[in-house]
Every structure is written in C-alpha cells, then in structure tokens.
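K.L.:
A single structure is presented below for examination.
The values are calculated or read from the model by the stated rules, or taken from the named source; none is laboratory data. A quick note: this is a predicted structure, and the numbers were derived from the prediction, not measured. Glycine also receives a Cβ, built like all others from the backbone with ideal geometry; neighbour counts cover every protein chain displayed. Heads up: the accessible areas ignore ligands, DNA and RNA and are worked out on the full protein's heavy atoms, side chains in. Shrake-Rupley method; radii C 1.70, N 1.55, O 1.52, S 1.80 Å.
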Amino acid sequence: MNNLAVLAVLKKVSKQVDRIWDMYDLQYKYAEFEYFGYSGQVYWSIESSNYNTFTVLDNVNLDEFTGMSDAEIYKDLARRVLDT
C-alpha cells in the first residue's frame, strides 16, 4: 500500500475511533490511538473511570481495514470495544 492509501485508511479508522470516543464518552482520563509506520500496525487503548486500561487494538495491521466503508469500520471497532 502506498503512502496516500495508508493515509486514507488511517484517516477513516481514526475518524471512527473519534466517533466512538465521543458517542460513548470512553475517554475518561487517558486514551491513545497510534499508527506505527514501520510495521503498518495500529494501537488503541482506553483508560476507564475506575482506572483500568483496556487495549482495543494491539498491533493490528492497518490492512485489515482496507476496503471497508466507514460504517463497517465503526461496527468492527465497536465490536472490539465490547469484546475487551
């Protein structure tokens, strides 16, 4: 995947992460969403109100989200939040 394609997918995923954070008020204290260009992987963790940290995405290849619509990415991320 070239750099522009990576950026396009990353923007779609981060937009849905923001949407989930806002909709469900998940960012209580500390949350992070990172992309590691050297490995092409994303990481997302959330700290809850009782100070537990939940890792939603841990070394997940960005390629997993390639070709998915915004709605599909949202559903996938929401499912991963519920599974943590």
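K.L.:
Can you work out which of the residues in the stretch 8-30 that are open to solvent by 70 Å² or more (accessible area, probe 1.4 Å), at pLDDT below 80 and touching a strand residue (DSSP E or B) at 6+ places or on another chain (Cβ under 9 Å) is nearest to A78 (Cα to Cα)?
P.N.:
Q27
K.L.:
Need pairs with beta-carbon distance below 9 Å; first residue in contact (Cβ under 8 Å) with a residue 12 or more places away in the chain and within the stretch 61-75, second open to solvent by 60 Å² or more (accessible area, probe 1.4 Å) and part of a loop (DSSP other than H, G, I, E, B); sequence gap 6+ or separate chains.
P.N.:
L62/M1; D63/M1; T66/M1
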